[in-house]
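Here the structure is laid out as structure tokens; the discussion comes afterwards.
Rule-based calculations on the coordinates, nothing more; no lab input. Values in this document were obtained by computation on a predicted structure and should not be read as measured data. Cβ atoms come from the backbone with ideal geometry, glycine included; neighbour counts cover every protein chain shown.
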Amino acid sequence: MPPGVRKLRDTYSITPDAPLVRREFGFYCLERWREQGLPPDANHAELFSYDPGGSHGLGQLGWCEAAFSPAFETKVIEDRGDHEVEQDYAGRHVLYFKGRRSGFMPEYMGHPVTDQRSWEENVVWRLDPASEERYASLDARMDRAVEAAQQGYMISQGLVGGYMYLRSLIGPADLPMMFYDDPGVVHSCMRAWFELADAVIARHQERVTIDELFLAEDICYNGGMLLSPAMMGEFLSPYYQQLIDNVRSRQLDQGRHLYIHIDTDGDVDGVIPIYRELGMDVMSPFEVAAGCDVVRTAQEYPDLVIFGGIDKRVLARTTADIDRMVERILPAMRERGGYIPTCDHGVPEEVPYENYLHYRRRCVELGG
């Protein structure tokens, strides 16, 4: 079994004192780092002492947006002088600077689902589980997955979570009102989410046993949950539970544990017990600015696998500040097991290159 795979499997099994997996969540800093001395042809895995990957991902089910097939046509629909409104691939109307699509936060002007009619006319048929386009590369993709599984890699099925999916369809401002004003539309959307995910995963499970169901959720903000536990129980949990039950029932290896991984930003303390009832084993990325503390959570939930919890703000301060942070977190979490340190929402450009190098050296020293 490749060493990266062994380390990852030890993490998921919460093996005490096992060396911590070395990897990162994401980078938003590389251009700035090149100005500060990062070699343009640098091998990041070697430079930052990252481990080889230990998992193989199965996609086809979206991440931050719904898995449309076909996607919406991307086109400019309004010229506003210095700005323009574009319909993006997810059917949203987005205000951009003219000719620019990155380097700033876009403003969403509208979303594709406003009522039952817009859902039926413009959206639901794009989520058809029987669409031949979805399975055009199935054989080649599954051949790679089978090969990875034979080498011991964890097979991870990623998909957009229910809340993230609804938000991309309806919009963060309109969704809370839709729960009250038109709950039937929300349930129609969630039925389509379930039917698509269930059908695609069933095709994948004909060839491989899935180790992890990984949902991109973003259901929290710095004040806690973005919807009440009661609303979650009505609009999300039943669909999640049925999908999880179905995936478990179809596993080729019925003795293999199916890990449920929830990724959500914000203050997660209130939502952890709810997802635990659904079978959650793994959670990320534990944003410190929202009040998360991986050491505290590890003590409260000793059987929860935890990724993240490294404060990006501290990485931008001094090396002494970095030392205090990692010396509090890494030894305790290594002793417990079941932890991967990563920046809590990607490494921002405010983090100096030399600071990050220092942080990685301390991760190697303290994490084994």
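Return the lysines within reach of LYS75: Cα separation strictly under 26 angstrom, same-chain partners fewer than 8 residues apart disregarded; answer none if there are no such residues.
Straight-distance partners of LYS75: LYS98.
Using R₀ = 45 Å, calculate the FRET efficiency as 1/(1 + (r/R₀)^6) where r is the Cβ-Cβ separation of MET1 and ASP79; round to 0.05.
0.20
Over segment 37-170, what is the percentage of antiparallel beta bridges among all DSSP beta bridges, to the nearest 5?
Restricted to segment 37-170, the bridges split so that about 75 percent are antiparallel.
For ARG336, ARG6, what ranking results if the residue with the fewest other Cβ atoms within 10 Å of its Cβ goes first?
ARG6, ARG336
Determine the distance separating the Cα centre of segment 46-102 from the Cα centre of segment 129-174; give it in Å without decimals.
16 Å
Which aspartates and glutamates, if any, have their Cα less than 20 Å from the Cα of LYS7, not counting same-chain residues under 8 positions apart?
Reachable aspartates and glutamates: ASP17, GLU24, GLU46, ASP51, GLU147, ASP211, GLU212, ASP281, ASP303, GLU335, GLU365.
With 10 angstrom as the radius, rank VAL76, VAL268 by how many other C-beta atoms surround their C-beta, starting from the fewest.
VAL76, VAL268
Along each of the three principal axes of the Cα atoms of the chain, give the extent in whole Å, ordering the values from largest to smallest.
Here the spans come out as 58, 57, 42 Å, largest first.
Show that you can apply the helix-only estimate: for the chain, add -39,500 (n - 2.57) for every DSSP H stretch of four or more residues, divide by all residues, and state [θ] at 222 nm to the nearest 500.
-11500 deg cm²/dmol
What does DSSP give for the chain in terms of the percent of beta bridges that are antiparallel, rounded to the nearest 5?
The antiparallel proportion sits near 35 percent.
What's the exposure ranking of PHE72, PHE286, going from fewest to most Cβ atoms within 10 Å?
In increasing order of surrounding Cβ atoms, one gets PHE72, PHE286.
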